[in-house]
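Participant: Dropping a structure here in C-alpha cells format, bear with me for questions.
The values are calculated or read from the model by the stated rules, or taken from the named source; none is laboratory data. These numbers come from a predicted model, not from an experiment. Virtual Cβ from ideal backbone geometry, glycine too; neighbours counted across all protein chains shown. Ligands, DNA and RNA are stripped out before the accessible areas are found, and what is left, the full protein with its side chains, is counted by its heavy atoms. Shrake-Rupley method; radii C 1.70, N 1.55, O 1.52, S 1.80 Å.
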Amino acid sequence: MTEHGLEIGAILMGLAGGLAIFLYGMELLTNALKASTGKRLKTLLARMTTNRFKGVIAGALVTAIIQSSSVTTVLVVGFVSAGLMHLTQSIPIIMGASIGTTITAQIIAFKITHFALLIIAAGFAMQFLGRNEVTQRTGTMIFGFGMIFFGMSLMGDATSPLRDYPPFIQFLQEMENPLYGILASAAFTAVVQSSSATTGVIIVLATQGLITLDQGIAMVFGANIGTCVTALLAAIGKSREALRAAMVHITFNTLGVFVWFWFIPEVAALIRSISPVHPELSGIDRLAAETPRQIANAHTLFNVGNTLLFIGFTPWFAKLVTWLIPVTEEERSHKVAPKYLDKDLLDTPSLALDRVRMEIGRMAERVLPMLRRGIHLAMDGSAQELSELTRMDSEVGMLHGPILDYLRELSRRDLSSEEADLLHHYLAIASHYESIGDNLKLHLIHVGRKRLHEELVVGEKTRELIEELVDELFKLLEEATHAVTRMDKKAARKVIKAKSKISDLATNIERRIVRRMAADAPMRRVTFQIETELLEALKRVYYFTKRIGKEVLKAESGAPKETKEAEAA
C-alpha cells in the first residue's frame, strides 16, 4: 500500500517487527537477570524495610536490576502474605519500583543502535561457547540488550520516512493537546503490556524529530496510566494481598499523572534547563538530537517527583486500598489454600523455590496440631471428635497437591543443577509431611474407634509414657519445620541426633505394654494391640521427621561430609 510515495505497509511491518524484537530482548534480559540475582534481591528487599525511604531505595534498586516492576510487586505481596511486612511497609517499595523502571528509558536514550548487531553477536558467542551457567546467562543478558537496540533501530528506520509525510505531521500537530497524547499512550501500553516498550517507541519518535518534548511528556504520563492495566490483569485470580498491591500501584500512578498533568509546560522548561543541548543544530535535526534524552529525564523526574510527593501518605494509601478491597470473612477464617505459589515466579526459579519453602512451612503448621490433638482423640475422643483428624489431614492435602503441581511446572523450566537438586529436596520434604499426616489419620482413627468399640481405657502409666514421647516428637517436628523454613543445618542435625532418645522412650513404652500383656488384666490382648499400634504410629512420625532433617542437610550443604552424616544417622 502506497500513499504519496510512502510505503505504509513497509512502515507498519518495520514498526511491528521492531517492537516484537524490542519486547523479546526485554524478556531475555529480564529473565536472565532474575535467574542470576533473584535470591539476593529478595534478601535485599526483606532487610531494607525499616523505614519508608529505605523501602523506596530497595524497590528502585531491585527493579533497576531485574527490569521488572511486576516481579518486585510479586515479592512484596509474598512478604505481606507471610506477615514479614505490613501493607504500609510495602507501599514505599512499590513506589521505588516505579523509579527503577526509568533506568530502561535512560539506557535506550543513548544512541548506540549502530552497535546493536555487534552486541547481539557478542551475547550469542557467550551463550554458544560458554562452558558454565554464569557465562551463558551473562551472554543471554548481552544478547537481550542487543536485541532491544536492534528493535529500536528497526523502528527508527521504519518511521524515518514519516518526517516528510504531511498527513502524519498534521496528525501530530493535532496531538498538541496533552490529553490526546496521554490517552493514545495509555491505550498502546495496555495493548502491548509493557510501559518500557511504550517508552522505547516514544524515544524512537523523538529520535526522528517527530514529537516535541511536551508531547513526549504527555505520552510518558499515558504509559504510566497504561501500565496500571498490566498490574490489574496480573492480579486477577491472585490473593487479595496481590489485588491491594496492584491497587496501590494504580492509585499512585493515576494520582501522580493527575497532579503533574497541569504543569506539563513547567516540567518541560525544567527538563530543557537540565538536559544536554545542541545549539549547533536547528529545526527537526535539533529536535531529534535533544528530545530523546529530555524525554528519558522527564520520565525519571516524574517518577522520582511522584514518590517524593506521596511518600508521606503511605498510611493513607494503605487505608484507602484496604477500604477498596476489604478483608473478607474467608481471609479472617484462614481458609486452607495455597498462599505463596505464584505462577508469575515460575520463570524465576530461585524465587519460585523460595515460595515453595514458605508453602511447605504452612503445610507443616497443619501437621503439628495433628500430633497433639490426634493422640488426645485416639485415647479419649468420641467417634464424632475422631472425624477431626480426617478434616485436619484433608487440610494438609489441600496444600500438598498444589505444591506438587507447582514443582512439576517448575521442573519444566530452565533450572540450574543447584535449583534442580533443591526442587527434588522440597518434593521429598513435602511428601514426608504428607506421610506424617496420613500416618496419624489412618492409625489414630483406627485406634480410637477400636478403643470405643471395645470400651477400653489406656492405662495411666502407659498414657504418661506416650505423652512424654509425644512431647518430644512435637518438639522435634517443630525443630524440623524450623530447619526447613530457615534452612537451618543446626536444627536439622538436632532432629537427626535425637534418634537414641526417641528409641529409649519407645523402648520404655514397649516394656510397659509387654508387662501388661503378661499380667492377668481384662481385655489384655486387645489393649496390647491398641497400644502397640499407637506406639508404631508415633515411631513412624519420628521416621519421617528424621527424613525431613536429612533432606535439609543435603539441600543446604551438598558437601559429602554432611550427606554422609545424614545418611548414617
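Participant: Is any residue of segment 388-405 close enough, with backbone N under 13 Å, to a label point placed 7 angstrom from the Cα of Arg449 along the Cα-Cβ axis, and if so, which?
Facilitator: Inside the label zone: 388-390.
Participant: Which of the peptides 483-493, 207-217 is most tightly packed, and how do the rest follow, going by the mean number of other Cβ atoms within 10 Å of each residue?
Facilitator: The most tightly packed comes first, giving 207-217, 483-493.
Participant: Now for a different question. Once the other residues with Cβ under 12 Å from the Cβ of Arg373 are scored (Lys, Arg +1; Asp, Glu -1), what is the net sum?
Facilitator: Local net charge: 0.
Participant: Efficiency by 1/(1 + (r/R0)^6): what FRET value for His86 and Glu365, r their Cβ-Cβ distance, R0 = 30 Å, to the nearest 0.05?
Facilitator: Rounded to the nearest 0.05, the efficiency is 0.90.
Participant: Next question, about the same structure. Carbon and sulfur together cover what percent of the accessible area of segment 443-485 at a 1.4 Å probe radius?
Facilitator: Result for segment 443-485: 47 percent of the exposed heavy-atom area is carbon or sulfur.
Participant: Multiply the residue gap between Leu232 and Glu133 by 0.36 nm, knock off their C-alpha separation, and tell me the result in nm, one decimal place.
Facilitator: 32.2 nm
Participant: Separation of segment 369-387 and segment 431-471 by C-alpha centroid, Å?
Facilitator: Centre-to-centre distance over Cα atoms comes out at 8 Å.
Participant: Give the distance, in whole Å, between the Cα centre of segment 274-294 and the Cα centre of segment 98-132.
Facilitator: After rounding, the separation between the Cα centres reads 25 Å.
Participant: Counting only heavy atoms of the protein chains, get the accessible area per residue of segment 360-497 (1.4 Å probe) and round it to a whole Å² value.
Facilitator: 46 Å²
Participant: Excluding Arg272 itself, calculate the net charge of residues whose Cβ lies under 12 Å from the Cβ of Arg272, where each Lys or Arg counts +1 and each Asp or Glu counts -1.
Facilitator: Charge balance in the 12 Å sphere: -1.
Participant: Ok, one more. Return the carbon/sulfur percentage of the accessible area of segment 386-435, one whole number, probe 1.4 Å, all protein chains in place.
Facilitator: 50 percent
Participant: How much length would be gained if the chain were fully extended between Glu478 and Thr507, taking 0.36 nm per residue of separation minus their Cα-Cα distance, in nm to one decimal?
Facilitator: Extending this stretch completely gives an extra 8.1 nm.
Participant: Would you please give the residues with an amide H less than 5 Å from that of Glu7, counting only those at least 5 places away or on a separate chain, with H modeled from the backbone geometry?
Facilitator: The list, which skips near neighbours in sequence, is empty: none.
Participant: So for the pair Ala125, Asp471, with labels modelled 7 Å out along Cα→Cβ, what separation do we get in nm?
Facilitator: If labels sit at Ala125 and Asp471, their model points lie 7.0 nm apart.
Participant: Okay, next question. Accessible area, 1.4 Å probe, largest first: how do Tyr406, Tyr180 sort?
Facilitator: Sorted descending by solvent-accessible area, the residues read Tyr180, Tyr406.
Participant: What ranking, highest mean first, results for peptides 352-361, 546-555, 271-280 when packing means the other Cβ atoms within 10 Å averaged over each residue?
Facilitator: By packing density, highest mean first, the sequence is 546-555, 352-361, 271-280.
Participant: What is the spin-label model distance, in nm, from Asp421 to Leu118 if the labels are put 7 Å beyond Cα along the C-beta direction?
Facilitator: Spacing of the two 7 Å Cα→Cβ label points: 4.1 nm.
Participant: Taking only the Cα atoms of segment 398-554, how large is their convex hull per residue, in Å³?
Facilitator: Dividing the Cα hull volume of segment 398-554 by its residue count gives 107 Å³.
Participant: Okay, moving on. Give me the aspartates and glutamates in straight-line cross-link reach of Lys554: C-alpha distance below 16 Å, same-chain residues under 8 apart excluded.
Facilitator: Glu418, Glu419, Asp421, Asp488, Glu562, Glu565, Glu567
Participant: Roughly what would the spin-label model give for Lys319 and His376, points 7 Å off Cα along C-beta, in nm?
Facilitator: 4.1 nm
Participant: Can you order the peptides 127-138, 13-24 by their average number of other Cβ atoms within 10 Å per residue, highest first?
Facilitator: Top to bottom by mean Cβ count within 10 Å: 13-24, 127-138.
Participant: Classify segment 105-168 as rounded, prolate or oblate, taking a ≥ b ≥ c as the square roots of the eigenvalues of its Cα gyration tensor: rounded when a/c is under 1.5, otherwise prolate if a/b is larger than b/c and oblate if not.
Facilitator: Judged from the Cα gyration tensor, segment 105-168 comes out prolate (a/c at least 1.5, a/b above b/c).
Participant: Here's another thing I want to ask about it. For the pairs Lys343/Lys489; Lys497/Lys539; Lys339/Lys539; Lys494/Lys539; Lys343/Lys546, note any where the Cα-Cα span goes beyond 26 Å.
Facilitator: The pairs that break the limit, which is 26 Å between Cα atoms, are Lys343/Lys489; Lys339/Lys539; Lys343/Lys546.
Participant: Related question: Counting alpha carbon pairs within less than 8 Å and at least 6 residues apart, what relative contact order, in whole percent, applies to segment 437-515?
Facilitator: Rounded, it is 31 percent for segment 437-515.
Participant: Multiply the residue gap between Arg515 and Asn51 by 0.36 nm, knock off their C-alpha separation, and tell me the result in nm, one decimal place.
Facilitator: Full extension from Arg515 to Asn51 adds 160.6 nm.
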